[in-house]
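Asks: What follows is a structure written as structure tokens; I'll ask about it next.
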Amino acid sequence: MSMAAPMAAGDGRRDLLKKLGWTSLSSVTQMLAGIASVMVLTRFLAPSDYGLYGIAFIAAAFTEVLTSGAMSSPVEQKPEVSRQELNSIFWANLSLAVLCSALTFAVSALIAPAAGWPEALPVIGAVCLLVTLTAAGIVPESLLRRRQAFKTLARAGMWSAVISLAAGLVLAMAGAGVWALIGLEAVRRLILVTAAFVLSKWRPGAGIDICILRSDLPFITGMLAAGALGRLDRLAPQVAAAIFFGPAGLGLLNVATRIADQIQSFVAQPVGAMALPVLANVSADRERFHSLMADAWRAISIATFPMLAGFAAIAPLLVPMFVGEAFAGVGLISAVTVLAQLRVVSSKVNIAATQAAGRALTASASIASSLLAHIALLVVLAPLGVLAIASASLLRGWLTWPLAAWFVKSTTGFNLGRQFAILFPPLAASLIMGGCVYAICELLRPQMPAVAALGLLIASGLVIYTAALWMLDPWVRKALAAGTWRRRLKGGQV
């Protein structure tokens, strides 16, 4: 028995926008919950707590890459998928998670004490259990994405964010230390996995069909390679911080990264979460495929770039206001980390497009080049401090952007000139706005209270970005002109 792909090619942009609205609402809720957790938890926790938490996820990174979605990717990508295939993927993925988690804990029991971090061992064990829990929910979640049930997924994401935040805050105020972070993450993952099973109405049957897994292996291998390389790229600065500056230095970097992740998830997660299943559904129609790629890039660049650049400009003023005294120096690190996300958000569409076209290994080649550049920069910059480690991530992204664009062109046929025409105007307008806002921030900081200055900075940023985008982007001018004429026609003025 098989399941057909859920969305016909003719459903169009209106349906896409409705789904985008729900995923956006979920992202807003999760961003607010995430920022609230940073604002409150940093007043009860020390940098070393965040450091131990980070070390545990570094230890479990290999297991999480193998079991957090790559094996279920055919469920979202293939035109049809059988029940036996779903069962096989579920049991293979869960078995792999249990085995890798056990190996991770055994190896960590030897390494952690030798590295001088024996207190990290129980935290690593807890994270291994969390990874195994997530692996159990991957197939039903992929089924919901396959059905493009983004409204359902959005609601589950919102409830998990709010309830897990409450659990984390209670634990932090009770003096649980690093276990407040573990508790928050455990509640969040448990709700998401439970919701995936309940809402998908799917239950695993018995048996693993090796032949089915073997037929999916080429695509899964490409997805695993992309996931592993991406995770290594993300872990590289954290490993460098742990080596050179210990749990305290890693804790500062992790807080800055958590802030950047919340901002990036808010502005890019709606499009990123939908990109693979939506693009895969129209991959046979090259014109429609390119049209949706262009829509996704415009949605991300016009909305995301100014938010990231604007937040980076005010982060040195804003972040110290909301975190505990032990984390007061994280403001500038957060600014640099957020700027690095400019490259990350555009890559969400790049990677999804190449994977939707069935070329996951090409996406891996692009990520591999980025990883090599990142490691080379970290070798030079990491000893200089945590801020230098964040700067290596920023430089890596910008230096490898042209190469990533070439990979997209070679894989999907979406030419370089069109990519540049879509992405450059919002990027330039955002950087102009960010520079202006930062300059205004430096002028206002000694003159007026921070809260009042923030209101003025946000208003100034909106005006500057809107004006710069209108001047630099012909597509925006045409879209606004077309909208004006449609309103006039509708109102009988023409």
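What follows draws every value from the coordinates through simple rules; no lab data is involved. Small disclaimer: the values here were computed from a predicted structure and weren't measured. Don't worry about glycine lacking a Cβ; one is built from the backbone with ideal geometry, like all the others, and counts go over all protein chains shown.
Asks: Send over the Kirkwood Rh of segment 129-175, from the inverse of the averaged 1/r over different Cα pairs, rounded to one decimal Å.
Replies: Kirkwood hydrodynamic radius for segment 129-175: 12.4 Å.
Asks: Okay, moving on. Sort 37, 95 so that the residue with the fewest other Cβ atoms within 10 Å of its own Cβ comes first and the one with the most comes last.
Replies: Exposure proxy ranking, most exposed first: 95, 37.
Asks: Once you place label points 7 Å from the Cα toward the Cβ at residue 416 and residue 462, how far apart are they in nm?
Replies: 3.9
Asks: May I ask you to compute the full-extension gain from residue 114 to residue 395, defined as 0.36 nm times their residue separation minus their alpha-carbon distance, rounded to one decimal in nm?
Replies: 97.8 nm
Asks: What ranking do 458, 432, 138 get, fewest neighbouring Cβ atoms within 10 angstrom at the top?
Replies: So the ranking, lowest neighbour count to highest, is 458, 432, 138.
Asks: Note down the Stokes-Einstein diffusion coefficient of segment 374-467 in µm²/s, whole number, using a Kirkwood radius over alpha carbon pairs, 25 °C, and 0.890 mPa s.
Replies: After rounding, the answer is 151 µm²/s.
Asks: Okay, moving on. Arrange 57, 327, 414 by Cβ neighbour counts within 10 Å, fewest through most, would you?
Replies: 57, 414, 327
Asks: Taking the simple approach of a point 7 Å from Cα along Cα-to-Cβ for both residue 203 and residue 83, what is their distance in nm?
Replies: Taking the two extended label points, one gets 1.2 nm.
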